[in-house]
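One structure is given here, and the rest of the page talks about it.
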Ligand SMILES: *Cc1c(COP(=O)(O)O)cnc(C)c1O
């Protein structure tokens, strides 16, 4: 089976973790601090706060902005559920913002309309879908004009650059995930980057039971969580980050090979604003509308050809929770309806060989032929 994703763990990673485990100092310590320093440096930010997951990063980012009951948060429609769940976990309400169907990312014009219309928008969460950066050059100044802070869900976009500026550094805060589905991993893990000292203090307190990070002895200034990262995961993060450039280069190469091989098929390849602005955490094509109805069958045919593929990500307003909570229905976000129906994620990871890439492309071509023939049987 050619897997959709596969973490890249080697002997150096294992050795770094074993050393920390043997030391007996297991919770957040010097290795977490080193990991934070490396991520901050990579993002051109002054500060980074490591936490237990990408979801914890998003949750703390909203907490640091005092998002709470009665607040609205503008958020993209097409993402992993965590992006909107954290809004509800803060007792606030999402205002979903339509995507651009070509980039799968928040449409700046739709955001402009939302900010003009909606009241009490306390934050904006754009997502860099599948590692491809949203149009931050438009979204960041637009939010600023309305006085609304931006929290980037950059879970999949570590190492991406737009106009030379790193993903995660455009907003007030940028949130990353180190889940094994991402380019580099700490098992579970997340990081928030920021340049603001006041935000930093709140993030650190919220991460650690509300403990005042600046006090000489234990004192507690707010009700916080325990969202700390372990120190052996911090050590793993440091060795993993060394691999980031080579892992991203390989992903880019695979994406370019797919672009070539899939040319001529009835689908749209993924796009990027600039060559450097996509990390290809996932390679997601868009089947033509007539093929979209056969997507489940295509996924099944790929599975039988030993290729693991999936639907990309989720149409959040149409998940059961948000349908019920907000009364969302098909037709409310037509671009998202279209994308969510026709999206198909193909395997992409640094352990794939060139042969694997060709095999996936051939399997997809055959699967499309097969569903097209059964729809139009030869006379
Ligand atoms: C992976 C991911 C998350 C959640 O990260 P975890 O580390 O799994 O909690 C949030 N948003 C997006 C867009 C993601 O891809």
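Any read-out appearing in this document is the output of simple, stated calculations on the displayed coordinates, not a laboratory observation. No experiment lies behind these values; they were computed from the predicted model shown. Note: ideal-geometry Cβ built from the backbone for every residue, glycine included; neighbour counts use all protein chains shown.
Measure nothing fancy, just the Cα-based angle from helix 30-42's long axis to the longest principal axis of the chain, in degrees from 0 to 90, nearest 10.
Approximately 60 degrees, to the nearest ten.
What does the highest-first list of 362-373, 58-69 look like by mean Cβ count within 10 Å? Display every interim value, and only then the final one.
Details: 362-373: 16.6, 58-69: 21.6.
Ranking, from highest mean packing down: 58-69, 362-373.
Report the FRET efficiency, 1/(1 + (r/R0)^6), for residue 119 and residue 88, where r is their Cβ-Cβ distance and R0 is 25 Å, rounded to 0.05. Let's see the in-between values first.
Values: r = 18 Å, r/R0 = 0.74.
According to the calculation, E is roughly 0.85.
Sort 80, 170 by Cβ crowding within 10 Å, fewest neighbours at the top.
On the way: 80 20, 170 24.
With the fewest neighbours first, 80, 170 line up as 80, 170.
What are the extents of the Cα atoms of the chain along their three principal axes, listed from largest to smallest and rounded to whole Å?
83, 54, 36
How big, on average over all directions, is the shadow cast by the Cα convex hull of the stretch 63-202, in nm²?
Orientation-averaged projected area of the Cα hull: 8.1 nm².
Rounded if a/c is under 1.5, else prolate if a/b is larger than b/c, else oblate: which is the stretch 318-379, with a ≥ b ≥ c the root eigenvalues of its Cα gyration tensor?
Details: a/c = 4.15, a/b = 1.53, b/c = 2.72.
Cα axes put the stretch 318-379 in the oblate bin.
With 10 angstrom as the radius, rank 119, 351, 251, 228 by how many other C-beta atoms surround their C-beta, starting from the fewest. Walk me through the numbers on the way to the answer.
On the way: 119 8, 351 14, 251 23, 228 19.
Ranking 119, 351, 251, 228 by Cβ neighbours within 10 Å, fewest first, gives 119, 351, 228, 251.
Could you state the angle between the C-alpha long axis of helix 54-64 and the longest principal axis of the C-alpha atoms of the chain, as a value from 0 to 90 degrees rounded to the nearest 10?
50 degrees
Round to the nearest 10 and give me the degree value, 0 to 90, for the angle of helix 197-207's Cα axis relative to the longest principal axis of the chain.
The angle comes out at about 80 degrees.
Kindly give the semi-axes, whole Å and largest first, of the ellipsoid equivalent to the stretch 148-298, taking each as the square root of 5 times a Cα gyration tensor eigenvalue. Please list the in-between numbers first.
Numbers: eigenvalues 283, 55, 50 Å².
They are 38, 17, 16 Å, listed from largest to smallest.
Working from the pairwise distances between different alpha carbons, so that the mean of 1/r is found and then inverted, what is the stretch 288-336's Kirkwood radius in Å? Could the numbers behind the result be given before it?
Numbers: mean 1/r = 0.0782 Å⁻¹.
Mean inverse Cα-Cα distance, inverted, gives 12.8 Å.
Going by C-beta contacts inside 10 Å, put 104, 333, 225 in order with the fewest on the left.
On the way: 104 29, 333 24, 225 17.
Going from sparsest to densest Cβ surroundings: 225, 333, 104.
Could you please state, rounded to a whole Å, how far the C-alpha centre of the stretch 50-121 is from the C-alpha centre of the stretch 233-248?
28 Å
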